[in-house]
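These notes are about the structure you will find just below.
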Amino acid sequence: MIKPEKTINGTKWIETIQINAEERATLEDQYGIDEDIIEYVTDNDESTNYVYDINEDDQLFIFLAPYALDKVALRYITQPFGMLLHKGVLFTFNQSHIPEVNTALYSALDNPEVKSVDAFILETLFTVVDSFIPISRAITKKRNYLDKMLNRKTKNSDLVSLSYLQQTLTFLSSAVQTNLSELDRLPKTYFGVGADQDKIDLFEDVQIEGEQVQRMFEIETQVVDRIDHTFNNLANNNLNDTMKFLTIWSLTMAVPTIITGFYGMNVKLPLAGMQYAWMLTLGISVALIVAMLIMLKVWRKM
């Protein structure tokens, strides 16, 4: 969808969301955007990047934003969005229809302090970077809950939820890191040449926010990984204790089976003619079981 033209202090802004083949052709024919650029900026597998075409004087920005697969289960991945400055017109591409990107764009549009396209781009990036923080806080809350529940009783559903947190943290922490790397590179490119103080200050705000988000996800990733490691060790210890108990129990049950097996044969055996032979075999079994348990205790197998 190509939305109606808007203006940012005299500069045209054309917003696109999930464009189809016909709309791609419109962008090529009506606005002269190269087909390769459209393919590049609408690729859902693309990573962060900044491209400056010195011949066309085009600037292309691609950044990653959080994309919810299941907000309740806190399952997130990241999807790219693009901003293209082409012949004095700003084009934005939100091929995955990411709500956080839509919010960031219109927040920047409504901001009275945004007085240039560069400021609009930086303000949008600031809001997108800031959108990672509520997710990080939700992950922290979920992690604390799972930590308490797993300490009481380990359930498969809680372990699956912990696995979802690890997957989400992997996607988001990687996206935050690559976004920050791109932000660190921008001032050294054409985009940052000859920047005024307001633009430099806004750059620093975006970078500081990105660094803060990166630290939050680094800490959360470490904590979740340690919780997962701890409960893996606990599960292994519990399994070892269970196997030890079953082994000792099976050995204990093997003793009376052997004794009674001998006296169950249809042949003459010593003491078989006694009136209370069954009590004798029972006593022998008990004595052997006690002796075996004592030996296991002495050998520190229990």
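Could you please tell me which pairs satisfy a Cβ distance under 6 Å, a separation of 6+ or placement on different chains, a first residue in the range 139-153 that is under 15 Å from V72 (Cβ atoms), and a second residue that is of a type in the set (S, T, N, Q) and open to solvent by less than 60 Å² (accessible area, probe 1.4 Å)?
Correct list of pairs: L146/S161.
Out of (1) under 30 Å from T140 (Cβ atoms); (2) at pLDDT 90 or above; (3) not in a strand (DSSP E or B), what's the single condition that is false for E22?
It is condition (1) that E22 fails.
Kindly check whether there is at least one residue in the range 71-82 that is free of Cβ contacts under 8 Å to residues at least 24 places away in the same chain, closer than 24 Å to F217 by Cβ and of a type in the set (A, V, I, L, M).
Yes.
If only one of E56, E28, E35 is touching a helix residue (DSSP H, G or I) at 6+ places or on another chain (Cβ under 8 Å) and over 16 Å from G82 (Cα atoms), which one is it?
E28
What are the pairs with Cβ atoms under 7 angstrom where one residue, in the range 170-190, is of a type in the set (A, V, I, L, M) and the other, located anywhere, is in a helix (DSSP H, G or I) and open to solvent by 20 Å² or more (accessible area, probe 1.4 Å)? Sequence gap at least six, or different chains.
Final answer for the pair search is V176/Q214; L180/E211; L180/Q214; L183/Q207.
I want to confirm something. Restricting to the range 215-246 and keeping residues that are among the charged types (D, E, K, R) and under 22 Å from the mean Cα position of the chain (by Cα), which single residue is least open to solvent (accessible area, probe 1.4 Å)?
Checked the range 215-246; the qualifying residue least open to solvent (accessible area, probe 1.4 Å) is E220.
So if I check each of L90, L69, L60, L109, which one is in a strand (DSSP E or B) and open to solvent by 20 Å² or more (accessible area, probe 1.4 Å)?
L69
Could you check the range 1-26 and list, in sequence order, the residues that are more than 35 Å from the chain's Cα centre (by Cα) and open to solvent by less than 80 Å² (accessible area, probe 1.4 Å)?
Result: K6, I8, G10, T11, A25, T26.
Could you grab me the full set of residues in the range 1-19 that are in contact (Cβ under 8 Å) with a residue 40 or more places away in the chain, assigned to a loop (DSSP other than H, G, I, E, B) and in contact with a strand residue (DSSP E or B) (Cβ under 9 Å, 6 or more places away or on another chain)?
Of everything in the range 1-19, those that are in contact (Cβ under 8 Å) with a residue 40 or more places away in the chain, assigned to a loop (DSSP other than H, G, I, E, B) and in contact with a strand residue (DSSP E or B) (Cβ under 9 Å, 6 or more places away or on another chain) turn out to be Q18, I19.
If I filter the range 127-140 for residues that are under 30 Å from L105 (Cβ atoms), open to solvent by 30 Å² or more (accessible area, probe 1.4 Å), aromatic (F, W, Y) and within 14 Å of the chain's Cα centre (by Cα), do I get at least one hit?
Checked against the condition, which is being under 30 Å from L105 (Cβ atoms), open to solvent by 30 Å² or more (accessible area, probe 1.4 Å), aromatic (F, W, Y) and within 14 Å of the chain's Cα centre (by Cα), the range 127-140 yields no hits at all.
Right, I121: of a type in the set (V, I, T) and within 15 Å of L64 (Cβ to Cβ) or not?
no
Please specify each residue of the range 33-46 satisfying the condition of being farther than 21 Å from P99 by Cβ and open to solvent by 40 Å² or more (accessible area, probe 1.4 Å).
Result: D34, E35, D36, I37, E39, Y40.
Being among the hydroxyl-bearing types (S, T, Y), open to solvent by 30 Å² or more (accessible area, probe 1.4 Å) and closer than 30 Å to I121 by Cα is the filter here; which residues of the range 141-172 pass it?
T170
The values are calculated or read from the model by the stated rules, or taken from the named source; none is laboratory data. Small disclaimer: the values here were computed from a predicted structure and weren't measured. Cβ: placed from backbone, ideal geometry, glycine included. Neighbour counts: every protein chain shown. Accessible surface areas use protein heavy atoms only, side chains included; no ligands, DNA or RNA. Shrake-Rupley method; radii C 1.70, N 1.55, O 1.52, S 1.80 Å.
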